[in-house]
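*Asks:* Got a structure here, written out as structure tokens. Questions coming.
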Amino acid sequence: MIERYLNPFKPLDFVVIDTEGRRELREIAIINHEGKLIYEALNQEHPQAVERAFKSKPLQTILLDFLEITRQKILVFHHALHDIQVLKNSFKKVNLAWQNPSQVHCTHKLAQQSFPQYCSYSLEYLSKKLNLKVDRQYFDPRQAHVARYDALFTYQLYLAIQHTMSQASIQVNPFGSSRVDNPFQSHPDNSKIYHAQYTTLESVIDDIKYDPNHQSKGAVVIGKPGTGKTHLIMRLAKRRLELNRLLFVPCPNDANTIKYHTYSCILESLNKSIPGTRFNQLEYFLANTFVGIIKSSNHDTQKIKSILDKIQNEPLKLYEILGGEGTKTRRNNWDSIEKITTEWWFRKYGATGYAPEIIKGIVRFCRYSDLGYKQLVKKWLAADELEPEELDKIGLSSWHNEISKEDFSLEAIAVLGKLSLLHEPLIMVFDQLEMLGLKHNQNILLNFGEAVKEIFTLVPHALVILNLFPERWQQLKQTFDGSIIDRISQHQIFLEQPTADEIKDILQLKAQQTGTGLTNLFTSQEIEQIIGERRSIRAVLNNAAEYFRYKYKNIPLPEKKADNNSSENLLGENVLTRLNKLEAQQNRLEKLLQNIAQAFNTFTVPDKTSVESEVANHNPTHIPRDSSNNLSLNLVPTLEEKVRGYLETQQTILEQDYNEAEILLDEKDVGKLQDIIEALKKITELDTDVLPSKRVLPPHRIILNKNLCIGFLSSCKGSKFTSRIQNYNEFVATKEQIRFLLWRDVRSDVIRNKTIGSREISKLNNTKNGEFMAFDRNNRITFELIHKFISDIYNQDLEIDLDTELEPALKILADYFREYWLIEELL
């Protein structure tokens, strides 16, 4: 039985094990609790065994050794379910009885508990994210899937998780994470809450699957901020990812690239790993699709029949039956898969448009195990321009320069929909759409509606979900024409406020993360105060987090807005305000006395008792104390503390996510810039425009009253890069009163020396009013953080009152980043 590792300890009696092999053991390595390799063996009977005679053993010998070494030990695996299944299959093959270990710890599951905000829990991802090292070297994917190598990193990961969880228990606030940013995260889930709404979504998926016409259907999930709309989609992902492809699309921010934004987000979603497996969504998709193609194509060759027999019940076996890595057999088999798939497409849909090449690219992505090759194919699938030698590496042709990314994107999404007809419907989720309601985003909103309409028209076999606030849904109904509204609102799913008992169940789930229960953390009266009037799930969780900090960290509760309809609430909050003010007065008094004491060594600092007495005489109100009867001397959290706390937390997350491969889009960056400018207009005067030109320029904005033009040129290279920077340079030369900045992300391909593009960069840098700038790690993280801060306020993921707190919050933001180039330029 695999245990949940809730109460961490430091067991000395554990071993870390890694097995290699899909169904049967090919290789095994065992590390002891000191981190030493104590056993390593290769199954000499395995067809893919490598010739290393001194480590090759019969399978039965290896398994008997395994039993001897692991007797009465805690067994630690990464993806324990997979490793144990491999071992069970191997025991069965040699007629040995499998013996269930007393305890099994899975670092994949433990990492989900310890780091719920991470988007992947693969060994490679976690090793890089946590900066783990073996022999002073970081994780190298080229050495992965060797048992010794993976076991050593799993050992380091286990230690890192133990360290993290040893800081947990009562030290970590289990209610501190109250929001789900995307459905690929892992958070505790009470399936009883919104069960009917979830069942409705599943029934719609079944309706699409069994509809003879396979028409796509729409569903609008409507709920107030914090009611759990994205959490509901997370539940859908957890339960359906082995069947359906879930495609998550956050809010677009450029009116002219909405379809490409949607498609690039879909590509990022398809690159997400399926929990508990070593495969991503696209690899699942191709395996299931290929089974459907073979079944529907009536191939009568013995080779194809043999493949079908092996994979029709377990499609993922496709990746293990095609031959050893780098062998001619494997190359030939993948060539056959590519040929069968493209021929099937030609017969079914014809050879026109981008579709045949897109099919080929999907197969190539799944064909390569090397992450560098996969990244090249991903860029190619995103219609990015690759160098000739890069195209030769992956065996794909260059896209034409005149390709329309919007048309290409719509066709690519349609290809995915048509391929899904061979298995299960797609689930496409549009979320975090609140900024579409802002006045400056009116064109984006209108074009978004048209893009969604085209998706319904051209993409079959998909459930399209929009997560919306009630007021945004009303705005969409007033803005979009009836044909769009009719399609997206075929099913309207309302998330009502959960009951008090359901809220308690959620709090209990959260509390269990510390290895305890809710009633061990709070009294019944405290729980009632935490739940209060249950404005939303997020509001209650935030309330619980505040109470936890108050009770266990001595951080006073923040002031709440008084409810005019509740004299009891008003009275309680007034008393709380007085208590907090009293604490602040005492804090200042004690600090003052300490400062005087330091200035005059002969002065004696009054003890705490006398300070208490003097303050109590000043105001007889009772002062809250902690469990040790010590006074809390912290000031009441202010708006500034809330903003700074948010920025520090989110900066850490963005720093962790920076190395994740991302599809760069200049239009997206300039859209974020526009959002930032529009927000800052509340605290300063800013007037924006674009350069008047019929030629293609880098996406940009002019800030007229600052005589400043900011452009982005990260997502293209070659001739596209050259022509755009040349056009930009013409304006630099003719508008000397304006300063021109042109940013390129350092993660983009390098513009080679002695090319026309590099000469244009030098030309820009040699002008008096122009500069080509490197958008490095720090620049990117700060830029994304500023935009996320603004976006989260409007999406109400950050509790800042739009009427009374937005302007002061933006001033705090500006002060926090006063040395950042964008803030310096705009303010």
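The values are calculated or read from the model by the stated rules, or taken from the named source; none is laboratory data. In this text the structure is predicted, and so the values were computed from the model without any measurement. We place every Cβ from the backbone using ideal geometry, glycine too, and count neighbours over all the protein chains shown. When the accessible area is computed, the model is the full protein with side chains, heavy atoms only, and any ligands, DNA or RNA have been set aside. Shrake-Rupley method; radii C 1.70, N 1.55, O 1.52, S 1.80 Å.
*Asks:* Only bridges with both residues in the chain count here: give the DSSP antiparallel percent, nearest 5. The partial results should precede the final answer.
*Replies:* Details: 20 of 60 bridges.
Close to 35 percent.
*Asks:* With every protein chain kept in place and ligands, DNA and RNA left out, what is the accessible area per residue of the chain? Probe 1.4 Å, answer in Å². Write out the running numbers ahead of the final one.
*Replies:* Numbers: 37980 Å² over 827 residues.
In whole numbers, the chain has 46 Å² accessible per residue.
*Asks:* Report the gain in length on full extension from S297 to R347: 0.36 nm times residue separation, minus Cα-Cα distance, nm rounded to one decimal. Display every interim value, and only then the final one.
*Replies:* On the way: separation 50, 0.36 × 50 = 18.00 nm, distance 0.98 nm.
Taking 0.36 nm per residue and subtracting the Cα distance, the gain is 17.0 nm.
*Asks:* Here is a further query. Taking every DSSP beta bridge that has both residues in the stretch 685-742, what percent is antiparallel when rounded to the nearest 5? Could you put the intermediate results ahead of the total?
*Replies:* Values: 6 of 10 bridges.
Counting DSSP beta bridges with both partners in the stretch 685-742, the antiparallel share is about 60 percent.
*Asks:* Within the set of other residues whose C-beta is less than 14 Å from the C-beta of D140, count the net charge using Lys and Arg as +1 and Asp and Glu as -1. All intermediate terms of the calculation are to be shown ahead of the outcome.
*Replies:* Working: positive: K128, K133, R136, R142, R148; negative: E124, D135, D150, D370.
Within the 14 Å Cβ shell, the charges total +1.
*Asks:* Efficiency by 1/(1 + (r/R0)^6): what FRET value for E660 and A196, r their Cβ-Cβ distance, R0 = 30 Å, to the nearest 0.05?
*Replies:* On the way: r = 36 Å, r/R0 = 1.19.
Result of the calculation: an efficiency of 0.25.
*Asks:* Using a Förster distance of 45 angstrom, determine the FRET efficiency expected from the C-beta separation of D206 and Q651, and round it to 0.05.
*Replies:* On the way: r = 43 Å, r/R0 = 0.96.
Efficiency, rounded to the nearest 0.05: 0.55.
*Asks:* What's the extension gain from L421 to E387 if we count 0.36 nm per residue and subtract their Cα-Cα distance?
*Replies:* Values: separation 34, 0.36 × 34 = 12.24 nm, distance 3.45 nm.
Taking L421 through E387 to full extension adds about 8.8 nm, to one decimal.
*Asks:* Then there is this: Compute, for the stretch 688-805, the length of the dipole vector about the Cα centre, with Cβ point charges of +1 (Lys, Arg) and -1 (Asp, Glu) only. Units Debye, rounded to 20.
*Replies:* 1180 debye
*Asks:* Sticking with this structure for a sec: How high is the relative contact order of the stretch 134-241? Use alpha-carbon pairs under 8 Å, at least six apart in sequence, and give a whole percent. Present the calculation step by step, with values, prior to reporting the outcome.
*Replies:* Values: 40 pairs, mean separation 33.3, N = 108.
Computed over the stretch 134-241, the figure is 31 percent.
*Asks:* Let me ask something else. Of the accessible area of the chain, with the probe set at 1.4 angstrom, what percent is carbon plus sulfur? Please list the in-between numbers first.
*Replies:* Values: 18040 of 37980 Å².
Heavy-atom surface of the chain belonging to carbon and sulfur, 1.4 Å probe: 47 percent.
*Asks:* Kindly state, to the nearest 0.05, the FRET efficiency for K55 paired with V172, given R0 = 35 Å and r defined as their beta-carbon distance. Walk me through the intermediate numbers first.
*Replies:* Numbers: r = 42 Å, r/R0 = 1.21.
The formula returns an efficiency of 0.25 here.
*Asks:* Give, as a single signed number, the net charge of other residues whose beta carbon lies under 12 Å from the beta carbon of P808, with Lys and Arg counted +1 and Asp and Glu -1. Intermediate values should be presented prior to the final figure.
*Replies:* Values: positive: K642, K682, K811; negative: E640, D801, D803, E805, E807, D815.
Charge balance in the 12 Å sphere: -3.
*Asks:* Under a crude label model (7 Å from the Cα following the beta-carbon direction), how far is S719 from N100 in nanometres?
*Replies:* Result: 6.6 nm between the two label points.
*Asks:* Could you calculate the contour length gain from K553 to N705, that is, 0.36 nm times the residue separation minus the distance between their Cα atoms, to one decimal place in nm? Show your work: numbers first, answer last.
*Replies:* Working: separation 152, 0.36 × 152 = 54.72 nm, distance 4.78 nm.
Fully extending the segment from K553 to N705 adds 49.9 nm.
*Asks:* Taking the simple approach of a point 7 Å from Cα along Cα-to-Cβ for both K310 and T327, what is their distance in nm?
*Replies:* Going by the 7 Å Cα→Cβ label model, 0.9 nm.
*Asks:* Could you state the number of Å between the C-alpha centres of the stretch 739-806 and the stretch 706-728?
*Replies:* The two parts, judged by their Cα centres, are 12 Å apart.
*Asks:* Right, something else. Net charge around I653, counting only other residues with Cβ within less than 14 Å of its Cβ (Lys, Arg = +1; Asp, Glu = -1)? Please report the intermediate quantities before stating the final value.
*Replies:* Details: positive: K129, R179, R780, K788; negative: D181, E648, E655, D657, E660, E784, D792, D797.
Overall, the nearby charge balance is -4.
*Asks:* State, to one decimal in nm, how far the label point of I403 lies from the label point of E528, with both points 7 Å from Cα in the Cβ direction.
*Replies:* Output for this residue pair reads 6.5 nm.
*Asks:* Could you pull out which residues in the stretch 678-697 have an amide N less than 18 Å from a spot 7 Å beyond the Cα of Q475, following the Cα-Cβ vector?
*Replies:* 678-682
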